[in-house]
Amino acid sequence: MRIDAVNALIAVKEAYPYEELSRVLSIPSSVLSRYYQGNMIPSVETSKKLLNELLAKEFVKRFLYDLVSTKYGGDAVKAFSNPRVLNYIGMYMYRRIIENLAGTRIDGVIAPPDHSALIASFVASRLNLSMNLIKSIMTPIYEGLFKYFGADKGESVVAIYAFLGRECIPYLKKYIDSFRLNLKLVEAVVLVDANVPKDIRGDVLVEAIIP
């Protein structure tokens with residue numbers, strides 16, 4: 001937890017100066033600087049406070065908007081090439097999965113083989129679960145591997161997307177149907193089309209950070 005708090009701080013420092021983070025967290029800039037530089041590790045209580053503030057959905061949403069617009073010229077794909085940002089998003093999604101599916105059995109995490117897979121790999125590692133890839137319109141080369149690598153039939157899974165658009169749904173549905181999976185939750189960073197949740201089975205929760 002304490003290292004996670006520092007990693008979250010390091011990530012959001014990509015967009016915000018110490019002074020602004022100090023106002024948000026009610027922690028002096030000098031202390032935040034010492035956390036960031038690795039000269040001091042926050043206490044357990046301070047770590048909880050940092051994580052609760054920095055991984056709150058509205059903060060994560062604002063951070064991603066600000067980061068993409070100010071540092072990456074509006075190019076979200078470039079932002080997802082930053083490992084600090086991916087790690088931060090992974091921490092957020094891990095928490096959302098725990099909160100949404102507490103007490104529910106989950107057997108695996110699935111994702112298309114793009115930036116989504118990097119986030120999913122982090123989440124799967126935290127949950128101590130397997131991570132499997134879904135075919136994607138952007139990765140036809142994966143076609144030949146599909147029959148060799150997949151989830152076990154009947155498993156309950158969570159799907160993770162960096163960008164979730166309507167073009168993703170046929171591939172997701174085919175994968176779910178092929179292995180007779182029980183899709184419990186879909187977590188996305190960017191929901192490209194607001195109608196996507198309607199195209200997924202009604203009892204499946206679909207969450208996105210943006211919009």
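Derivation of every value follows stated rules applied to the coordinates shown; laboratory data play no part. Since this is a predicted model, take the numbers as computed values, not measurements. Neighbour counts run over all protein chains shown; Cβ positions are idealised from the backbone, glycine included.
Tabulated results
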{"read-out": "Overall Cα dimensions of the stretch 2-54 - principal axes, largest extent first, Å", "value": "23, 22, 18"}
{"read-out": "Length-normalised contact order of the chain in % [C-alpha pairs under 8 Å, at least 6 apart]", "value": "15"}
{"read-out": "Cα→Cβ-extended label distance, 7 Å offset, between residue 121 and residue 166, nm", "value": "3.3"}
{"read-out": "For the stretch 17-140, alpha-carbon Rg and Dmax in angstrom", "value": "16.5, 51"}
{"read-out": "Cα Rg, Dmax, the chain, angstrom units", "value": "17.9, 54"}
{"read-out": "Relative contact order computed over the stretch 63-129 (Cα-Cα under 8 Å; 6+ residues apart), in percent", "value": "30"}
{"read-out": "Over 22 Å (Cα to Cα) - which of 57/173; 61/173; 153/184; 13/61; 48/78; 13/78 fall in this group", "value": "57/173; 61/173; 48/78"}
{"read-out": "Förster radius 45 Å - calculated FRET efficiency between residue 39 and residue 194, Cβ distance, rounded to 0.05", "value": "0.50"}
{"read-out": "Distance (nanometres) between label positions extended 7 Å along Cα→Cβ at residue 66 and residue 84", "value": "1.4"}
{"read-out": "Extension gain, residue 177 back to residue 24 (0.36 nm per residue minus Cα-Cα distance, nm)", "value": "50.6 nm"}
{"read-out": "Using a Förster distance of 35 Å, the FRET efficiency for residue 204-residue 31 (Cβ separation, nearest 0.05)", "value": "0.25"}
{"read-out": "Highest to lowest packing among 161-174, 33-46, scored as the average C-beta count within 10 Å", "value": "161-174, 33-46"}
{"read-out": "Value of [θ]222 nm, deg cm²/dmol, for the chain, DSSP H segments ≥ 4, -39500 (n - 2.57) each, nearest 500", "value": "-14500 deg cm²/dmol"}
